[in-house]
Structures are given as C-alpha cells and as structure tokens.
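Everything below concerns the one structure shown next.
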Amino acid sequence: MSVSVNMDSAIRKMIDDYGVTAACSEFLAQEPGQFINGRFTQGHSSERIDVIEPSTGRLLTSIASGTRADVDDAVAAAHSALHSGPWAEMKPNDRQGLLLRLADLIEKHARTIGEIETLDNGKALGPCIDMDVLGGADLLRYMAGFATKIHGQSRQVSAPGEHVAWTIKEPIGVVGAIVPWNWPFNMAMWKLSAPLAAGCTIVLKPAQQTTLSMLYFARLCEEAGMPPGVFNIVTGKGSTIGNALTAHPDVSKISFTGSTPVGRQVGGASGENLSPVTLELGGKSPMVVFDDADPEAVAAAHRWSVFFNAGQVCSAGSRLYVQRGLYERVLEETVKLAESMKLAPGLDPECDMGPVISSSQYNSIRGYIEQGVAEGAKLVCGGYEVDGDGFFIPPTVLAVEDNRATVMQEEIFGPVQVVMPFDDEEEAIRLANDNIYGLAASVWTQDISRAMRCVNAIEAGTVWVNAHDLVDSAIPFGGFKQSGFGKDMGPEQLDHFLRTKAVWIHI
Ligand code: NAD
C-alpha cells in the first residue's frame, strides 16, 4: 500500500480534536487496495473512488475501483482455496480455532475498527464498538462452534437388496457476499461467519461508500492465519462488481443484504445462474401500540430503532400505530426524546445521532419529508435543515391520517418517524400488514392474549413484544414478502451454506 496525503484538513482537525488510536491513523494514512488471494492489490484498473466523511462532507480517502477481472481473480482464488491447500484440508476443530482467534482479534482491535467505521459511515462510535464490532465478534464465535458440529445422517432404507445409506453435509462452495453501507462491519460478519464455519470460501463486495472497516479486518484475517484465497474483498461499484459476482459461474451461492430493488436484480441473476440466494432486503416495520402500553418505554425504544444509526436501520420501527386513547401521550414522549438527541460527528463521545451516509441519502430523506407534508402529513418536530457541510438530519416526526401516504408505505431509511392513530385490534393488524415489506414488527401491550393474536396475525420475519430491534446471534433474522427470503444468524443460517450429498453402498 502506498501512503495517501488526500485527507481533508477539516477531517484531520476533527480527528485531532477527538483523538483516534495510532492504528486508525496509520490505516488512514494508507491508500487502501482490494484483498485478493491473501494480498492487498490495486487490481486491474488504476481508477479510484472517493470516500466522503459524512459529518464534514469532505474527502477522507479513496478506494480501488474494482473490475470484472478483479472479480475473476478473487473467485479463482476462492475456488482454488476451496478445493486444495490448507483450508480444504483443515480439520473442523482447527477451523473453529481459527475463527475463534479471529473473534479475539476483532475484540482486541474493536476501538480501531469502530473509529474507522465511524469516519467512513458517520455512526456514533460507542454503539458502533458495542453493537457493530463486538456484536460481529459474538456472531463469529457463535458460528465457530458449528464448525465442529456439522454432520449427516445414516438412514435405514427399504429398497430391495442390502444397502447402507447416509448423507454428508459439504460446504456449498464459493460464496459471493454483498453488503450494504448501513452496518458495514456488522453486516459483513452476518455474511461471512456462517459460510466460514461451514468450510466455504468467500468473495465479499462491501458497499462502495463503506469499504474501510473490512479492509482493516482483512489484516486481522492474515494475523489469525487464514489461508490465502479463503476470504477476498473486491471493492468498487455495485453495478460492476455486484453484477460480475452474481453472474459468475464459479460462485455457488449469493448472500445479499441491501435494498429490495437491487435484491430483485440479484435474485434474477442468481436464478439465471441456478445458484441459491439469500436476500435480506428493505423494511418498513410497524410498531403497534395499544392503550395499555407504557408510552415512555415506546418512546425510549425509538432511540434504538427509528432514530438509531440516523434511522438507517432495515428493521427500524418507522411506522408507529397508536391506539387513540394513548396517541397524544406517545406522541408527546416521542417528541421529547427526538428533541433531546444530540446531533454530532460520530467521534464526539456525546453524539446521540451522527449524519446520514451521503448527500444523495440526505436529499432522498429530505425529499420524503417534503413529500409527506405535501401529501397532508403534519410535521410534528424536526424536518429543519442543519447548518454545515455534513449530512445531518434531525430526528423528525410526521403525523398522518392515511396509511397509503408515501411516507407510510416506502422505506425512508432516515430518522423519520411516521405516526398514525387506530381504533381497535382488527384495524391495527390490517394497517400493520398493509405494506409490501414484512421484515419485522413490534406489539406493545400488557395483554398477553392480545399480544399472541398479533404475533400470529402480523406478516413479518420477526415480531417483538414490548421491545423493538432486539437481535441475537442465536435467533434467525430475515424477512417475509418483499423483505426477502432466507435467514441470517441462528442455526438456520448455517444450512444455507451446506449441500447434502446422499451416499449408498450396496452390500
Ligand atoms: P443497495 O441495494 O443499494 O446496495 C446493497 C449492496 O448491493 C451494495 O454493496 C451495492 O454496491 C450492491 N449492488 C448495487 N447494485 C448491484 C447489482 N446490480 N448487483 C449486485 N450488487 C449490487 O442497498 P444500500 O443502499 O447499500 O443499503 C440499504 C438497504 O439495505 C435498505 O433497503 C435496507 O433496508 C437494506 N438492509 C437490509 C437488511 C436486512 O437484514 N434485511 C440489513 C441492512 C440493510
């Protein structure tokens, strides 16, 4: 890697003001390459893509703009590592040991990874370290345990003659993993932990906006002793790298997290290739609050759902339905929370909410707020422009009366809560299900029978009761309807990366 002098002075000043680890400074002083076959490389093209720091809107660094030829190299390396060499021959307990070592290294470098992520993505540093980074290490440890527990089954068969028959579980092959920019490190951990435990090899395509934390992670893979070719990173544009990866004949499985429109294209390309695909897509998750709920608890949940990560959360509870008796009270508590949150660069220890990722995301969110108001929504709080060059949007609450309003139907992917009253349980369930997405939902009530009726009736991959946005390595996460199919995390995910072979012996 060569030394970069590109970093903007405003970012340098911010880094000096808040301080970052020496390892973060050293990493940012490099010009990051791609990571292919255990080597950092610029790849086949000298073109670079600017990386913009979201709280200043200034140039942080640049990344290599990968090409189809780079994808070919990465897939060839992954294919070779799958079939020969140390990874192919590695015993399950050694594979488990390697993944556990990697998790230990993530933990050791958690602050540095968090700082890099914060500068790249804008998110608040404290939660980033705790949830994105250490949460990622937790998932790696959880999945590492499965490396030693993969097994087929011996079966008694009724076919004429004398036979023994059994099944073998094999790694599915080279996995193409594509991740979004809202949880760059964490989503990558969701994508790579299970396939590595299963013995697969991986070509990862990070979002072009947020590549840096994965390139730092690649160094940790080397340090942990991961053989070359097992894990590869091709950086660059989704349209180039993503298309090349999904259409590649030597990629046996695509694991994608991102928006529903792109997921549809990815699903189409994988179908053409006849390779299985997991699609973790967009959401517009309802929070259904009944009269007997605790309004303060509902508002507090917004901090970790719709206002968390500046609202760039797939499962954000961004449709708030409140029964009329509690409507004003919940609105009041929500506004109180929204107005108390401090907007600041993610490195600021007092930051409650950082900027959104980019100027285009900023414009898109502001466009939704304006459209909401134009369609008749009442702007209850937020919605104003924040001074400065950064992409800050204040926590915003819109009140609507019509469930078909655009802001109630489409994924805004920003800190915008849209709230609407309802009369009874039947109406609440109808409203909650009146959306193309089915990623997650929450129900707020003290009545356990009503909670159970709602859990059964709501079409979503996850339903929380009196909570929102809880995730755990042991619990599968994934959507229904236009939110995709397949699961990340939990034992269910491992199965996506194993293929079953049947073996017969005629005695
Ligand atoms: P996106 O769909 O624009 O991009 C996702 C990834 O796909 C990026 O790496 C992008 O470069 C790549 N890509 C773009 N075009 C491609 C193509 N033609 N072929 C293959 N890959 C291509 O999504 P985004 O804006 O990065 O992320 C936000 C979206 O992700 C939101 O809709 C959010 O709800 C969703 N998301 C879902 C989950 C989940 O678990 N369901 C988690 C996080 C984010």
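The values are calculated or read from the model by the stated rules, or taken from the named source; none is laboratory data. The shown structure was predicted, so the numbers you read here are calculated from the model rather than taken from an experiment. All Cβ positions, even for glycine, are placed from backbone atoms using ideal geometry, and neighbour counts span all protein chains on display.
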When GLU332 is run through (1) acidic (Asp, Glu); (2) within 14 Å of the ligand (Cβ to nearest atom); (3) under 24 Å from ILE412 (Cβ atoms), the failure sits at (2)
Result of the Cβ filter at 9 Å on region 9-23, keeping first residues that are closer than 12 Å to LEU347 by Cβ and partners that are among the small types (Gly, Ala, Ser), at least 6 apart or interchain, is ILE11/SER55; MET14/SER55; ILE15/SER25
Residue count, region 140-185, condition in contact with a Leu (Cβ under 8 Å, 6 or more places away or on another chain) and assigned to a loop (DSSP other than H, G, I, E, B), comes to 4
If we only count helices (runs of 4 or more DSSP H) wholly inside region 186-304, which ones have 1 or more residues that are closer than 30 Å to THR396 by Cα? 212-224, 260-273, 295-304
Which of the strands (runs of 3 or more DSSP E) found entirely inside region 437-507 contain at least 1 residues meeting this: within 12 Å of the ligand (Cβ to nearest atom)? 440-444, 462-465
Return the residues of region 274-326 that are outside the structural domain of GLU410 (by TED's automatic domain parsing) and without any contact (Cβ under 8 Å) to a residue 40 or more places away in the chain; say none if nothing qualifies. LEU274, SER275
Does ASP389 fit the bill of being of a type in the set (Asp, Glu), surrounded by fewer than 20 Cβ atoms within 10 Å (Cβ to Cβ) and within 18 Å of ALA124 (Cβ to Cβ)? no
Positions within region 147-160 being hydrophobic (A, V, I, L, M, F, W, C) and surrounded by fewer than 23 Cβ atoms within 10 Å (Cβ to Cβ), in sequence order: ILE150, VAL157, ALA159
Got a number for residues in region 333-366 being touching a residue at least 24 places away in the same chain (Cβ under 8 Å) and under 22 Å from GLU296 (Cβ atoms)? 10
Would you mention how many residues in region 243-254 are away from the ligand (no atom under 11 Å from the Cβ) and touching a residue at least 60 places away in the same chain (Cβ under 8 Å)? 5
